[in-house]
Structure formats: C-alpha cells, structure tokens
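**Q** Below is a structure I'd like to ask you about.
The values are calculated or read from the model by the stated rules, or taken from the named source; none is laboratory data. On a predicted model such as this, the values are computed, not experimentally measured, just so you know. We place every Cβ from the backbone using ideal geometry, glycine too, and count neighbours over all the protein chains shown. To get the accessible areas, we keep the full protein, side chains included, count just its heavy atoms, and leave off ligands, DNA and RNA. Shrake-Rupley method; radii C 1.70, N 1.55, O 1.52, S 1.80 Å.
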Amino acid sequence: LAITLKLPDDQAMTRGLADAVARASDKATVQHLDFTTQAVALQEFARALKRPLADIEDSLVLQYGGRVRIIRGAELVARDEVTPLAAGTVRFEGDKVLAQALDDLLSDRGLLYFAEGHGERRLADRAKEGLSQAAEQLNARGFRTGSLDLAKPKAVPGDCQVLVVAGPRKAYEPEAEKAIASYLDGGGRLAVMLDPPDGVVPLADALKRFGVTVPDPKKVLEMQG
C-alpha cells in the first residue's frame, strides 16, 4: 500500500487505516509519500506505475503482483444528501472501500478477450479511442484481459469468461461469426459495442437468436453536447 497525501496527520484517517492493515498482516507493507516534501520520490513512483502524477495525488495506491488499484481520497467518504431542513453529513467509509479493493486485487474473476482484426478499439491503445484505461480498471478488479485476433479463423478459447467486441469497422468473415456463435451456444458471454455512424453490425444473425436486434449504425441518431 502506498499513500500519497497532502493532508496533515491529524486529518488523514486514511493514513491510520493503512497503518492498521500493516499491523494486522506481515504480508502487507505501507509507504507514506508526502507531496510537499517527497516530490522526487512521488514522480519516480508515478513513472513506475506508468501513470501521470495527478492520478496518485491524495490517493491510496494498492499493488499486488502486477495489479494496481488507485483509490482517490473522495472515494473514502460518503456524503448524505443536503436538504432544506438538514445539512449533509460526511462519513468515513475507508474500511469498507479498502476491504472491497483488496478483495478485487486478490481475486481471479476470469479472462476477458477483446476482439481484434476488424478495426476494433485496442487494449494497448492509450489514446482517447483506446481501451487501455478500461483494461487497467478491469485488472484492478480481479479480471485478466487479452486480445483475440478474429481475422484468423479459430475457436474462441475455452478460458474466455467474456468476449468483448468493441467498435468493429469491418464486417466479420463467416468463419469468425461461426466461431462466436459456437461460443455462445456453449454458454459463452458476449459484450458488443458499436460506434455510430461509422461502425458495422457484426453477428446480427447470432444476436437475433437471443432476441437482440441491432439497428444500422448509420440510422442511429448521434447527439452532441
């Protein structure tokens, strides 16, 4: 656990929470990094995580193996709704948030394959259109991610927990559609995300068998702003 805080000690309940974890288990180590006095160490830490410095500011950073989970300070408190008759109260719920985050990191919830080969959004792409941030969030919550090239006819691997088809721009070959249909018939799970108005509609016949009708992306109204 690494905590990067600006708050003074008497305001940082998160600091005490992390120290309690370290006292409870010899398998956990805690490091505190102060933004005001340890700027160089923080920059090195951010580079090691391959994250911008702003991502770890005032945060609790959990690392286990190759997984990283970042919990922002605002996530550790719950605020009751403010009404005309009552001021909202703030509750520290860091223990619940930390327990869930540790459960995510220590769990293996299966392997998600992201389809490639037909212009889909890519896992390794860190640009705005890419899925690298989504992959990081999934990894932090106990899922493993991988790519599956559907341009080369093959069966969907048996260890696939979910097959994700994210924004294809080319039609799928009959062999690829047959492989996915077979995967679904065997109880597989599929997530399809389409990009109007430039996308295509793959798997239309397979989806119809499950009661899902997909409109032509070019006929979908795209709202801006």
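**Q** Quickly run through the range 126-153 and pick out the residues that are surrounded by 14 or more Cβ atoms within 10 Å (Cβ to Cβ), acidic (Asp, Glu) and not in a helix (DSSP H, G or I).
**A** Across the range 126-153, there are no qualifying residues.
**Q** I would also like to ask the following. Taking the range 1-19, which residues are at pLDDT 70 or above and either open to solvent by 60 Å² or more (accessible area, probe 1.4 Å) or among the polar types (S, T, N, Q) (or both)?
**A** Of everything in the range 1-19, those that are at pLDDT 70 or above and either open to solvent by 60 Å² or more (accessible area, probe 1.4 Å) or among the polar types (S, T, N, Q) (or both) turn out to be 4, 13, 14.
**Q** Another one. Select, from 111, 105, the only residue that is open to solvent by less than 80 Å² (accessible area, probe 1.4 Å) and modelled with pLDDT under 90.
**A** Exactly one of 111, 105 is open to solvent by less than 80 Å² (accessible area, probe 1.4 Å) and modelled with pLDDT under 90, namely 105.
**Q** For the range 26-36, check the following and say yes or no: at least one residue is open to solvent by 60 Å² or more (accessible area, probe 1.4 Å), touching a strand residue (DSSP E or B) at 6+ places or on another chain (Cβ under 7 Å), within 18 Å of residue 95 (Cβ to Cβ) and modelled with pLDDT of 85 or more.
**A** No.
**Q** Could you pull out the residue among 190, 184 that is under 25 Å from the mean Cα position of the chain (by Cα), open to solvent by less than 50 Å² (accessible area, probe 1.4 Å) and under 20 Å from residue 123 (Cβ atoms)?
**A** 190
**Q** Out of (1) in a strand (DSSP E or B); (2) touching an Asp or Glu at 6+ places or on another chain (Cβ under 9 Å); (3) modelled with pLDDT of 85 or more, the odd one out for residue 46 is which?
**A** Going through (1) in a strand (DSSP E or B); (2) touching an Asp or Glu at 6+ places or on another chain (Cβ under 9 Å); (3) modelled with pLDDT of 85 or more one by one, residue 46 breaks only (1).
**Q** Also, I was wondering about something else. What number of residues in the range 155-171 are buried (at least 19 other Cβ atoms within 10 Å of the Cβ) and either among the β-branched types (Val, Ile, Thr) or not in a strand (DSSP E or B) (or both)?
**A** Final tally of qualifying residues: 5.
**Q** Hey, any hits in the range 172-180 for a residue that's under 26 Å from the mean Cα position of the chain (by Cα) and either modelled with pLDDT of 90 or more or open to solvent by 20 Å² or more (accessible area, probe 1.4 Å) (or both)?
**A** The answer is yes; a qualifying residue exists.
**Q** What are the residue pairs meeting all of these: first residue in the range 90-116, first residue without any contact (Cβ under 8 Å) to a residue 24 or more places away in the chain, second residue surrounded by fewer than 18 Cβ atoms within 10 Å (Cβ to Cβ) and among the small types (Gly, Ala, Ser), Cβ atoms under 6 Å, and 6 or more apart or on different chains?
**A** Every condition considered, the pairs that remain are 91/78; 93/78.
**Q** Taking only pairs six or more apart or across chains, which ones have beta-carbon atoms under 9 Å, a first residue in the range 44-63 that is at positive phi, and a second residue that is aliphatic (A, V, I, L, M) and exposed (fewer than 15 other Cβ atoms within 10 Å of the Cβ)?
**A** What qualifies is 58/74.
**Q** Output the residues belonging to the range 176-221 that are part of a loop (DSSP other than H, G, I, E, B) and among the charged types (D, E, K, R).
**A** 189, 195, 198, 209, 216
**Q** Within the range 42-58, identify whether any single residue is open to solvent by less than 40 Å² (accessible area, probe 1.4 Å), more than 13 Å from residue 14 (Cα to Cα) and of a type in the set (D, E, K, R), and answer yes or no.
**A** The answer is no; no qualifying residue exists.
**Q** Specify the residue that is surrounded by the fewest Cβ atoms within 10 Å (Cβ to Cβ); the eligible residues are those in the range 64-89 that are among the β-branched types (Val, Ile, Thr) and without any contact (Cβ under 8 Å) to a residue 40 or more places away in the chain.
**A** For the range 64-89, the residue satisfying everything is 83.
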